[in-house]
Structures are given as structure tokens and as C-alpha cells.
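See below for the structure under consideration.
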Amino acid sequence: MRGLVIFLVVIVTALVIREVIAYKNEYKIGYVEVNSLYDSFAFKKELEAKLVTIKQTRKNILDSMQLQLRVLAGSLKSPNDKDRMLFEARKEEYFSKEKTFSEDNDALTQEYSSQVMKQLNQYVQDYGSEHGYTYILGADGNGSLMFADKSKNVTKEILEYLNQKYKGVK
């Protein structure tokens, strides 16, 4: 009887170990450092450069308008109504343009960020599917992933994948 109990304990233990191993091998899990992935993504860098160019062009326009205002202000030492009206109209135009550019820059920044995140998420999904991952977690410093074994960090592999995919290599 005692031999039967030991035999059953051994069988149950073996089954439990087998299930734990099967469960452990059933899921492939990795994580990425979201900020690092985002900042190093070629598409983000491309849009960022485009945004810098647009902002600089707009700044140059405003600088030119501001210079014109200074010249007009200098000519107002002996103001007449015509000069005063022209100065006020240009000043209003400047402030209107400055506000419009600021709003447009903010909207464009938000749009580009949204485009980058959409593309990044799609590429991470593609990578996960192609490489057999069940889960790829995002470590972004907000507390959603408090600890992970460094060996599960797939940021570099995914970054290489998404930059190649963006460039049309994959």
C-alpha cells in the first residue's frame, strides 16, 4: 500500500512538473524600452527633421516680418495717420501669423507623433507575429512593468527590425 502511495506521489509530481514546463514553454514573452525604441526609430527621426525645417522656415518668415515692423516703427518719429495705420496693420498681421504658426507647429508635432506611434505599434506587432511572441511588453517608466530579466529585453532586435522594415528591407 505504501508503495502505491509513493508511486502515485511520483506520478502526480511528474505530471505537475510536466505541466509547469509546458506552461513555461507555451508563452514567449519579451519587453521593449518604449522611449528608446521611439527615439531611435528612423521614421521618427525623418519626421523630426522635417518638422525642424518647417519650424525654421516659419521662424524666418516671422523674423522678416519683425524686421519690417522695426523699420516701420523707426519711421514713425513723425507719424501721420497713414504710417500709423500701416504699422498697426503689419503689427496685427505679425501677431496673427505668429499665433497661427504656433498652433500649426503644435498640431503638426502631435500629428507626426501619432503617425510614428501608429507605425511603431504596427511594426512591433509584425515582429511579434514573425518571431513567435505571445506578448511583447512595453517598459516606459510609468510603472506598468516594474521588473524584467534583461535577457527578455528585445528592444535592440525590434529596433533593427522596424528600421529595416521602414526602409523597405524587410
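Using Cα positions and a limit of under 21 Å, work out the lysines in reach of Lys152, with same-chain residues fewer than 8 apart set aside.
Lys24, Lys28
Can you list the lysines whose alpha carbon sits under 21 Å from that of Lys97, skipping same-chain ones fewer than 8 residues off?
Lys50, Lys55, Lys59
Counting every Cα pair in region 89-170, what percent are over 20 Å apart?
54
Please report the accessible area of Tyr166 (heavy atoms, 1.4 Å probe, ligands and nucleic acids excluded) in Å², nearest 10.
Around 60 Å² of this residue is reachable by solvent.
Quick one: grab the alpha carbon gyration tensor of region 24-170, order the square roots of its eigenvalues as a ≥ b ≥ c, and give me rounded if a/c is under 1.5, else prolate or oblate depending on whether a/b is larger than b/c.
prolate
Please compute the length gained on full extension between Ser102 and Lys152, using 0.36 nm multiplied by the number of residues separating them and subtracting their Cα-Cα distance.
Fully extending the segment from Ser102 to Lys152 adds 13.8 nm.
Label-point separation (nm) for Asp140 and Arg70, each offset 7 Å from Cα along Cα-to-Cβ?
4.3
The values are calculated or read from the model by the stated rules, or taken from the named source; none is laboratory data. None of these values were measured; they are calculated from a predicted model. Quick reminder, even Gly has a Cβ in these numbers, built from the backbone with ideal geometry, and neighbours come from all protein chains shown. The accessibility values were calculated without ligands, DNA or RNA, using every heavy atom of the protein model including side chains. Shrake-Rupley method; radii C 1.70, N 1.55, O 1.52, S 1.80 Å.
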